[in-house]
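For reference, the structure is listed below as structure tokens.
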Amino acid sequence: MNSRIPEQCATCPWLQLEQKYLDEHELEQDSIIRRATSDEIDEVAEFIATKLRQAPQEFVEAYGTTSPDAETVAKAMRAMGSEALGIVSRHMEKIGHDMEMMSNWCKGPVEMSTTRDGIVYSSRVCASLVLLDEDTRGVEPVTVRREELLD
């Protein structure tokens, strides 16, 4: 998976989370494409078409459907896959754009540390100026490390 995180932001918890989302979406894309181009859809479509042909008359009347053939079902399933692929792609574009906006002019995350009761608490937060916007305030990803001091 290709990282879109610039070097100065490599340890930024916010951008690491966004990159994780991109990686997951990339896997989703691969899965959708793999399924759409496999015989699996044809097999499932045949199963669905067979079940629809066996549907009780009340079901057909209630939902106003006729029994499509397997080819029609497969075509509809591939169309849904194409639509899902478009949705995932658009979401990936938005995440990528957001990551670019966040990392522009950013010097990298801010690290803070304090000691209490013999334990060192270190944290890292995103220092992007984009996060000063009112709409982005609130809960956000933070990296926390705890280390016990040795006597």
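Using the scaling law 2.2 N^0.38 Å as the reference, what is the normalised Cα Rg of the stretch 77-151?
That works out to 1.70 for the stretch 77-151.
Where does helix 40-53 land angle-wise versus the long Cα axis of the chain, in degrees 0 to 90, nearest 10?
50
Treating the angle as unsigned and between 0 and 90°, give the value, to the nearest 10°, between the Cα long axis of helix 13-36 and the longest Cα principal axis of the chain.
Value to nearest ten degrees: 20.
Checking the a/c ratio against 1.5 first, then a/b against b/c, what shape does the Cα gyration tensor give for the stretch 1-40?
prolate
For helix 70-103, what angle does its Cα long axis make with the longest principal axis of the chain, in degrees from 0 to 90 and rounded to 10?
10
Write out the cysteines belonging to the chain for which the nearest other cysteine Cβ is not under 4.7 Å, or none if no such cysteine exists.
Cys106, Cys126
For Thr72 and Glu24 in the same chain, what is the full-extension length gain: residue separation times 0.36 nm, less their Cα-Cα distance, in nm?
14.2 nm
When the Kirkwood hydrodynamic radius is evaluated over all pairs of different C-alpha atoms of the chain, what value in angstrom, to one decimal, is obtained?
Kirkwood radius, the chain: 19.7 Å.
With the chain treated as a Gaussian network of Cα nodes joined by springs under 10 Å, which of Met80, Met112, Met92 yields the largest mean-square fluctuation?
Met112
Read the figures in this text as sums done on the coordinates, not as results from a lab. Predicted, not measured: the structure shown is a model, and the values here were computed from it. Every residue, glycine as well, gets a Cβ built from its backbone with ideal geometry; the counts of neighbours run over all protein chains shown.
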